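Here's the structure, in structure tokens; my notes come after.
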Amino acid sequence: MAVIVQKYGGTSVGTPERIRAVAQRIVAAKEEGHSLVAVVSAMGDVTDELVELAVQINPEPPEREMDMLLATGEQVSIALLAMAIHALGHEAISFTGPQVGIVTDHGHTKARILEVRADRVRDAIAEGRIVIVAGFQGMTADGHITTLGRGGSDTTAVAVAAGIGADVCEIYTDVDGVYTADPRVVPDARKIDVIGYEAMLELAAAGAAVLNLRSVEFARNHGVVIHCRSSFTEAPGTIVKEADESMEQAIISGVAHDTSEAKITIRDVPDRPGVAATVFTRMAEANVNVDMIIQNVSEAGMTDISFTTPKADLVRARKAAEVVVCELGAREWLVDESIAKVSLIGAGMKTHPGVAAQMFRALSQAGVNIDLISTSTIRITCVVAAQEAEAAVRALHSSFGLDDAEVTTEVVPACGDGE
Ligand code: ADP
Ligand code: ASP
Ligand code: MG
């Protein structure tokens with residue numbers, strides 16, 4: 001009999017009825033003889049509501065107190081889920097992240113898990129109980145409550161699965177697996193049956209929120225197999241595991257988009273050595289994450305430097321930009337919050353020339369203007385206007401033949417099939 005970790009996202013536990021449905025699913029697996037650990041998110045939009053509440057009190061809330069507040073969301077759902085399981089006649093016990101020994105660093109609001117001391121989980125399983133764990137939260141070695149960054153319950157689930165040596169980590173969500181693009185944006189997107197860690201990491205890093213990036217990193221580093229599937233159906237979802245020869249080697253595995261970043265431009269900085277170092281040192285000192293960077297061609301000894309940064313870091317980034325402009329004698333700094341990153345991901349692009357050209361052509365045919373471009377060996381990302389992001393994703397998805405209908409026509413019938 002297997003040890004199974006199941007994670008349920010906010011929508012899956014969004015109402016009392018849904019919590020009862022989740023309890024039934026957990027109990028059904030338990031009655032088949034498996035040992036069950038369920039990791040749960042806060043109900044529905046509770047985390048967003050808590051963030052809004054905090055900002056009404058203080059536009060720049062201290063991050064330690066933010067974590068204290070946000071961690072309450074998951075504490076509500078674990079207790080309710082344990083109660084729902086008791087109502088079905090089974091023994092369940094709920095634990096917070098700190099109670100199950102999720103030890104993190106001090107990076108409040110985006111803490112990293114350092115260790116999972118899962119003894120309490122193991123002991124409760126050995127006593128035959130169903131264990132319910134609060135996602136998204138942990139505690140520093142010196143006792144401060146932390147959270148793992150938005151979407152962090154996926155990471156808790158994978159970390160607990162690694163900590164107790166579970167056979168599988170099932171991530172239940174509101175879509176039935178990982179698709180070639182967000183199925184809410186591309187109705188013809190295709191469900192991927194099996195995907196390797198590396199391709200999934202790139203998709204997640206590029207904005208495919210269906211699996212949190214750090215959860216995939218953790219799974220790869222600890223060899224945890226993830227099964228990402230729907231909490232509303234019994235259909236099999238997507239298996240995420242180490243790539244092997246049996247897996248389909250798609251040239252392009254998918255298209256992802258991300259509207260969580262903003263673009264900052266420092267105008268008319270002197271074009272001399274050390275300028276970029278100053279800009280990005282000041283950003284790093286202000287704990288601002290920087291993603292894409294572009295420096296324009298210099299004119300009359302002056303240039304513009306643009307970069308993207310998470311909107312969550314913008315308050316700090318604006319202050320740092322102000323300092324940089326004074327320090328370097330630049331003209332001004334500008335922020336554009338209406339941008340989106342649109343990425344094409346695929347391990348095959350390394351060996352297939354022309355992918356970038358086709359991407360830019362598809363965007364131009366869709367009338368989408370490209371602002372910034374960055375590439376890695378298995379990803380090309382373009383920054384476009386936020387309102388054009390969905391059109392851009394659909395154009396790329398169809399241009400690279402990822403639409404469900406087109407892929408089906410390429411399937412070669414097995415011997416004996418057909419007329
Ligand atoms: P949960 O609350 O269960 O963690 P999330 O909202 O974090 O759920 O993730 C699920 C959502 O991810 C889906 O509703 C879907 O809109 C979005 N999504 C983005 N990209 C993809 C993709 N490539 N495949 C599937 N879903 C995706
Ligand atoms: N409740 C947290 C969030 O909304 C964590 C999670 O759902 O994974 O980001
Ligand atoms: Mg999520």
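The values are calculated or read from the model by the stated rules, or taken from the named source; none is laboratory data. Everything quoted here is computed from the prediction, not taken from an experiment. Positions of Cβ are backbone-derived with ideal geometry, glycine not excepted, and every protein chain shown enters the neighbour counts. Surface accessibility is based on the protein's heavy atoms, side chains included, excluding ligands, DNA and RNA. Shrake-Rupley method; radii C 1.70, N 1.55, O 1.52, S 1.80 Å.
Results, tabulated for the structure shown:
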quantity	calculated
Cα centroid of the stretch 264-328 to Cα centroid of the stretch 128-162, whole Å	35 Å
Helix 314-328 vs. the chain, principal-axis angle (Cα, 0 to 90°, nearest 10)	30 degrees
Cut-off 16 Å, label 7 Å out along Cα→Cβ of ASP404, residues of the stretch 182-214 by amide N	182-193
Relative pair counts by distance (%), Cα atoms of the chain, 20 Å bins	24, 53, 21, 2
Theoretical ellipticity at 222 nm over the chain - DSSP helices of four or more residues, -39500 (n - 2.57) apiece, nearest 500	-11000 deg cm²/dmol
Between 0 and 90°, nearest 10: helix 213-222 axis offset from the chain longest Cα axis	60 degrees
Tilt relative to the chain, helix 275-285 - C-alpha long axis, 0 to 90 degrees, to 10	30 degrees
Candidate lysines - alpha carbon under 26 Å from LYS311, same-chain residues fewer than 8 apart omitted	LYS110, LYS263, LYS319, LYS341
Gained length - ARG117 relative to ARG318, 0.36 nm times residue gap less alpha-carbon distance	68.4 nm
Relative contact order of the stretch 206-330, pairs being alpha-carbon contacts under 8 Å that are 6 or more residues apart, as %	24 percent
Top of ARG18, ARG122, ARG267 by mean-square fluctuation, Gaussian network on the chain, Cα under 10 Å	ARG267
Rule-of-thumb Rg ratio for the stretch 228-331 [Cα; 2.2 N^0.38 Å; N residues]	1.61
Most to least packed among 148-159, 222-233, 318-329 [average Cβ atoms within 10 Å]	148-159, 222-233, 318-329
Extension gain, SER260 back to GLN75 (0.36 nm per residue minus Cα-Cα distance, nm)	63.9 nm
Packing rank of 58-69, 28-39, where each peptide gets the mean count of other beta carbons within 10 Å, highest leading	28-39, 58-69
Cα-based radius of gyration of the stretch 172-229 once divided by 2.2 N^0.38 Å, which approximates compact folds	1.06
The stretch 133-261, accessible surface, carbon-and-sulfur percent (1.4 angstrom probe)	49 percent
